[in-house]
Amino acid sequence: MAPHRYNPSPAAAVQSETAAAAAPGLYYGEPHKFDPSFRGPVCRRSCTDVLCCLIFIIVILSYVALGIVAWLHGDPRKVLHPTDSYGQFCGQKGTPNAKKPILFYFNILKCANPAILINLQCPTTQMCVSRCPDRFATYTEMQLQHKLSNSYWEYYKQFCKPGFNDPDKPVSQVLRDEDCPSMIIPSRPFLQRCLPDFITLNGTVTVANRTRFKDALEMPRSVTELQHAAMGITGLVDTKELGVKIMEDYAKSWSWILIGLLISLVVSLVFILLLRFTAGLLLWTTIITVILLLAYGMWYCSMEWSRLRHRPGSDVAIVEVGLQTDLQVYLQLRQTWIILLVSMGAIEASILVMLLFLRRRVQVAIALLREASKAISHIMSTLFFPVVTFLLLTVCISYWAVTAVYLASSGEAIYKVMSPNVSCPYANSTCNPETFNRTNISSSALCLGSQCLFGFYGGETPYHRHLFLLQLSNLLVFLWLVNFSLALEQCTLAGTFASYYWARRKPRDIPPCPLFSSFSRTIRYHTGSLAFGALILSVVQLLRIILEYLEQKLRGVDNSVSRFILCCLKCCFWCLEKFLRYMNHNAYIMVAIYGKNFCTSAREAFCLLMRNVVRVAVLDRVTDFLLFLGKVLIAGGVGVFAFFFFTKKIPVIQEEVPNLNYYWVPMLTVVIGAYLIAHGFFSVYAMCVDTLFLCFLLEQEMNSGSLARPYHISSTLRKTICGRLRKDMNRKRLKAKRKTLAF
């Protein structure tokens, strides 16, 4: 008689791997026991986390009330349109400024004053005008020329305070009372504001072909001072011109962009359908294709680098070149090709290392993806559920943005003392423009030239005093709603795919309308649990945003200790957010399967993952990486086609290609859009894989595979996973035996 050989069951293999993975003397919870009444997500359940659900409903109602109050008190024109020194909108209908849509600064040189960083307002009189000045002129020159012709005064008067009509008033008194600007310079409207009209001639920045000019006091001034006062206006003008050209390209190519996105949609659907029948072949083809493309890219980068090695000027650093709209500029630099070569080499090495050490795990991941393909093919409606999430996110983002604008524009006009001297004790204090001239503030030695100018919109009521807290609350509720929308998608899809897994005979025993049933079940019973998990994640995200804000405020402060502490806090909260996001993801799956509250589901999910930490850690990363390669392949393939099309390298249809300023505008739009479309489809795929894998881990602990307790998983997937477990177990035994013999 042959000796009896021990042939461990899959459940025993799981327990053996668990014991090997866990630390000595440490065990993560009890395995799930067999429950004959358990029928998956369709089992009887009750409402969970009711208190959090009530709080969530109250917060939503309060959020609606906040939006109504902000809508009643706010006025978006206060944010969108410029305001003069009297708090009136430029171009507002029914006011004296109806035909004056542009804001004009009396002395734009004062906008370079450090006080602008404190007061958030340029300390000079600001008036609404119908057009910007188109010439250099000073008030002194105007007075001299006014004696020859009245036309000089008529032109200059349109930039003075309304009602002022005394061209013979002494210059010193005009400048003291700021009745008129001391000088005007050629300007053009930008964002409804008159800003200097900078022109670059032979590498020199000029204004009306001048580099120097004089003000009303005959003091020499330079264009450099205007540049500082305009705070980098040349960059803004370039950005505006770039924006105009980009909009022109979109107007010419929007139809072709839509065609490219539709192609991406079709390719993504075909890719997913092919996974149903040829998962292994398609995924290995994808991996090999990506490897070959990266190898070709590395060879091409090395050839280009060799070609440019002896070309003069190719050794210039990318930082020195700056931002250029013409991509050909960067392609003429050696540093560009070195960066691309190193990046592709790192990605290539990562893929090869993964295939070398995790090739067996790749087979298990492919088996899971094949099973996920079967589930999705039986429930195709799940592929389009991300559209619902997209609509919910659009509503949340729109409501938050509108509420934030209305909150920012709430209140009445508040006037502040604006002084050119930052040492003025009254600077930034509130004032009344009607009584300001009767006070002794402007005559004070430290406050000479001070004015009572419009500062911002606010008020003294509790509502206005707590606007900052209301904005913070608006942000927190916005994050809560966004995370809740994502949690709703995850829990709904998890319940749908769990109903597929726990069906005895597939697809006959799959419940009718599983997606709608899972969605209604999630909303009816588990809104509180989803809100609880979303709230925890939202609080951490809000703290991260506050830390980013503090870092921006302290960026100019030379304090290495504070920067180090902030950096450590940001790193800790980033890790905490990633951990909570991962745990919430698995907790929502457990909520969908068992119908328990959030804390219990999170604890059970954590213990289950820790009991199978090796497989979870490896399979999760391998599966995510395979899906990422699929997204990159789809986006890259569509991007290559878009590149050849928009650069007119396809002879058959090159006459249909529109003439564009920048061909990369529609090309990048198509590539990014294709990646997002593929990500939307593959996110459903990833959720399906995670749900099936957790259901498999649960079943290995509950069922034995006997006739009384049969497995729900397909025999092919069970053999693949359990066969891998036996090989790992035998390898560990062999290593242990060798160590014992060596000892």
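The values are calculated or read from the model by the stated rules, or taken from the named source; none is laboratory data. Because the structure is a prediction, the values reported are computed rather than measured. Every residue, glycine among them, receives a Cβ derived from its backbone with ideal geometry; neighbour counts consider all protein chains shown. The area values use the complete protein model at the heavy-atom level, side chains included, leaving out ligands, DNA and RNA. Shrake-Rupley method; radii C 1.70, N 1.55, O 1.52, S 1.80 Å.
For the peptides 474-484, 689-699, the ranking by packing is 689-699, 474-484, with the highest mean count of neighbouring Cβ atoms within 10 Å listed first. Which links in 93/157; 93/416; 99/416; 374/649; 506/578 stretch past 29 Å when you go from one Cα to the other? Pairs exceeding 29 Å: 374/649; 506/578. Site pair residue 423 and residue 574 shows an inter-label distance of 4.4 nm when each label is modelled 7 Å from Cα along Cα→Cβ. Between residue 439 and residue 644, the simple label model (points 7 Å from Cα in the Cβ direction) yields a spacing of 7.2 nm. Measuring nothing but how far apart in sequence close Cα pairs (under 8 Å, 6+ apart) lie, relative to its length, the range 481-621 scores a relative contact order of 30 percent. I need the calculated FRET efficiency for the pair residue 252 and residue 552, taking r as the beta carbon distance and R₀ as 41 Å, to the nearest 0.05. Using R0 = 41 Å, I get an efficiency of 0.60. Between the range 507-579 and the range 648-691, how far is it from one alpha carbon centroid to the other, in angstrom? So the two Cα centres are separated by 29 Å. The packing ranking of peptides 135-144, 532-541, highest mean first, is 532-541, 135-144, where packing means the average number of other beta carbon atoms within 10 angstrom of each residue. What does the C-alpha gyration tensor say about the overall shape of the range 359-414? Classify as rounded when a/c is under 1.5, otherwise prolate if a/b is larger than b/c, or oblate. Oblate, because a/c is 1.5 or more while a/b does not exceed b/c. Using 0.36 nm per residue and subtracting the Cα-Cα separation, the extra length available between residue 307 and residue 51 on full extension is 85.3 nm.
Between the beta carbons of residue 520 and residue 165, assuming R0 = 60 Å, the FRET efficiency works out to 0.25 to the nearest 0.05.
Out of the total accessible area of the range 592-639 (probe 1.4 Å, heavy atoms of protein only), what percent is carbon and sulfur?
Looking at the range 592-639 in its full context, I get 71 percent from C and S.
Protection proxy ranking for 637-644, 394-401, using the average of other Cβ atoms within 10 Å per residue and placing the highest first: 637-644, 394-401. Toward the positive end of the charge dipole of the range 481-568, with +1 on the Cβ of Lys and Arg and -1 on the Cβ of Asp and Glu, the farthest Cα among 568, 497, 530 is that of 497.
Take the Cα of residue 343, step 7 Å toward its Cβ, do the same at residue 58, and the gap between the two points is 5.0 nm. Placing +1 on the Cβ of every Lys and Arg and -1 on the Cβ of every Asp and Glu, with nothing else charged, gives the range 465-620 a dipole about its Cα centre of roughly 400 debye.
Annotation: amide H-H contacts under 5 Å for residue 414 (H modelled 1.01 Å from N, sequence separation of 5 or more, or interchain): 455, 456, 457, 458.
How high is the FRET efficiency between residue 314 and residue 607 when r is their beta carbon distance and R₀ equals 41 Å, given to the nearest 0.05? If you can, show how the numbers build up before the last one.
On the way: r = 59 Å, r/R0 = 1.43.
The calculated FRET efficiency here is 0.10.
Between the amide H of residue 195 and those of 188, 190, distances stay under 5 Å, these residues lying 5 or more places away or on another chain, with hydrogens modeled in the peptide plane. Share of carbon and sulfur in the accessible area of the range 334-430 stands at 71%, probe radius 1.4 Å.
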